[in-house]
Structure formats: structure tokens, C-alpha cells
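Below is one structure, written out as C-alpha cells; comments come after it.
The values are calculated or read from the model by the stated rules, or taken from the named source; none is laboratory data. No experiment lies behind these values; they were computed from the predicted model shown. Cβ atoms come from the backbone with ideal geometry, glycine included; neighbour counts cover every protein chain shown.
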Amino acid sequence: MENNPIAVSSTPDNTLVGILTGSPNDLPTVVKVRDTLTELGIKSEIIVASAHRTPDKVFAYLDRAHREGVQVLIGCAGVAAHLAGVVAGHTRLPVIGLPLGNGPLTGMDSLLSTVQMPPGVPVATVAIDGSRNAAMLAARILALKYPEIDRALEEAARRDRERYDLTADEALAKLSA
């Protein structure tokens, strides 16, 4: 019987998304990526590793991630924000860049550093501090292979629609409850 990877029926127990951040200071924003992935039933891990200060740690993590079956990487960094680009230059896995809004330019430097990649080294980039969208994009990539993740995305979209279908009074009542 031929093994067909498209017909995978269950989400594996191993870590599917590796979330790298360049500084421990970024963790309050970065943890929101992990929380959203957890809501969708996707196992992830956060690694603090700087493209500038600890590049060997970045490369060691990439080696481990490949061996352990991580399928999507998210690089979160502020200011110079080279982390996602460095990661993308050393893997064929999909890389999502999450520019962070810290530093003197409130994230514009991070956004431009992340989105302006050379041809052949793509980084899918979300908005400055766009933690939820980084997680949702990772989930959409994984949903191509895992039907359970696709169903979780469908359910999350349904909940979002319901939230926005409320009247102003209903929404205010839920906020104060």
C-alpha cells in the first residue's frame, strides 16, 4: 500500500511549528502566536535565539527542527529583524516573518527588514505585532495536509463571524460579563 501524505487523517503529536524570537523581551508578543496555535490544536515551541547574538543557536535549532518534523517556522524580531531572513536562508520550510513593534521606529524598520528579501529566499510577512495572523497563516499552511487543522480554522472563522454579528449592545454585555 502506497503512503499518500495528502491523505493524512490526524494531526501528529510532535511539534509542527517552531517559533523563534530574537530576544526574551519579545516574549509577551510572541507567546500570543503559541496561544493561537494551541487554540487550533497545533503543537508549537518557542525558542529564543538571535540572528546576531546567538546565530549558532539558530542553526542548531534548524537542524533539530528538521530532524523532529517541524513543518513551519515563524521568525519574530524587532529593530533590524534579520531572524526570519536568516532562517529562510537556511531551510526549505515555509518561513513566516513577524516584525515586532519595539525600537525607535515602532516596527517600521522590522517590517522592512523582514519583507524585503532577495529573490529565492521568501519570507511570508504579517503585520507589525501581527501574532494572531502569523499563527493563522501557519495553520493554513498545515491545513493543506491535516484535515483536523482545516476544521479548526473553519470553527475559528465561525466564532469570529458570530462575534461580529452581535449588535453593539450584545457585544457590550459580553464585554462586561
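For the residues Val86, Val115, the requirement of being buried (at least 20 other Cβ atoms within 10 Å of the Cβ) and either under 17 Å from the mean Cα position of the chain (by Cα) or not hydrophobic (A, V, I, L, M, F, W, C) (or both) singles out Val86. The residues listed here are Tyr164, Tyr146; of these, the one that is among the aromatic types (Phe, Trp, Tyr) and closer than 29 Å to Asp13 by Cα is Tyr146. Yes or no: the stretch 48-61 includes at least one residue that is under 30 Å from Glu154 (Cβ atoms), at pLDDT 95 or above and either within 16 Å of the chain's Cα centre (by Cα) or in a helix (DSSP H, G or I) (or both). Scanning the stretch 48-61, I find no residue that is under 30 Å from Glu154 (Cβ atoms), at pLDDT 95 or above and either within 16 Å of the chain's Cα centre (by Cα) or in a helix (DSSP H, G or I) (or both), so the answer is no. Within the stretch 32-47, can you find the residues that are over 12 Å from the mean Cα position of the chain (by Cα) and either among the β-branched types (Val, Ile, Thr) or in a helix (DSSP H, G or I) (or both)? Answer for the stretch 32-47, where residues must be over 12 Å from the mean Cα position of the chain (by Cα) and either among the β-branched types (Val, Ile, Thr) or in a helix (DSSP H, G or I) (or both): Glu39, Ile47.
Residues considered: Ala135, Ala124. Of these, the only one that is touching a strand residue (DSSP E or B) at 6+ places or on another chain (Cβ under 6 Å), within 29 Å of Asn25 (Cβ to Cβ) and either buried (at least 16 other Cβ atoms within 10 Å of the Cβ) or not basic (Lys, Arg) (or both) is Ala124. For the stretch 1-21, residues that are at pLDDT 95 or above and more than 14 Å from Leu142 (Cα to Cα) total 3.
The set of residues in the stretch 45-90 being within 11 Å of Leu20 (Cβ to Cβ) and polar (S, T, N, Q) consists of Ser50, Thr54.
The residues of the stretch 161-173 that are surrounded by 10 or more Cβ atoms within 10 Å (Cβ to Cβ) and either assigned to a helix (DSSP H, G or I) or aromatic (Phe, Trp, Tyr) (or both), listed by number, are Arg163, Glu170, Ala171, Leu172, Ala173. Looking only at residues of the stretch 126-177 that are within 26 Å of Pro99 (Cα to Cα) and among the basic types (Lys, Arg), we find that the one that is nearest to the chain's Cα centre (by Cα) is Arg132. Condition check for Pro118 on (1) out of contact with any helix residue (DSSP H, G or I) (no Cβ under 8 Å at 6 or more places or on another chain); (2) part of a loop (DSSP other than H, G, I, E, B); (3) over 30 Å from Thr54 (Cβ atoms); (4) not hydroxyl-bearing (Ser, Thr, Tyr): one failure, at (3). Counting only residues that are at negative phi, in a loop (DSSP other than H, G, I, E, B) and more than 11 Å from the chain's Cα centre (by Cα), the stretch 89-104 holds 8 of them.
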